[in-house]
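Here the structure is laid out as C-alpha cells; the discussion comes afterwards.
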C-alpha cells in the first residue's frame with residue numbers, strides 16, 4: 001500500500017482540467033499517455049528550467065556557487 005503522506009491534492013476549475021488534458025496529449029511522446037500528475041511534473045520542470053538562477057532554491061545556488069568558484 002502506498003504511503004498517504006507522499007501525495008497531495010489540488011483543485012482545478014473544469015476549464016483548467018481540460019487544458020491540462022490537452023497539454024498531456026501534446027507533451028507526451030507519440031503513443032504514450034501521461035497521467036495528469038506526470039503532466040504537471042513535466043510542466044513544473046519546464047517552467048523551472050526557464051527561471052533565472054536567482055529565483056531557484058537557495059540551497060542549490062549556494063552549492064553551485066562553491067563548485068563554480070573552484071574552477
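Below, the figures for the structure above:
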{"quantity": "Subset of region 27-71 (residues that are surrounded by 11 or more Cβ atoms within 10 Å (Cβ to Cβ), in a loop (DSSP other than H, G, I, E, B) and modelled with pLDDT of 90 or more)", "calculated": "28, 34"}
{"quantity": "Number of the condition not met by residue 12 [criteria: (1) surrounded by 10 or more Cβ atoms within 10 Å (Cβ to Cβ); (2) at pLDDT below 85; (3) part of a loop (DSSP other than H, G, I, E, B)]", "calculated": "(2)"}
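The values are calculated or read from the model by the stated rules, or taken from the named source; none is laboratory data. Since this is a predicted model, take the numbers as computed values, not measurements. All Cβ positions, glycine included, derive from the backbone under ideal geometry; neighbour counts span all protein chains shown.
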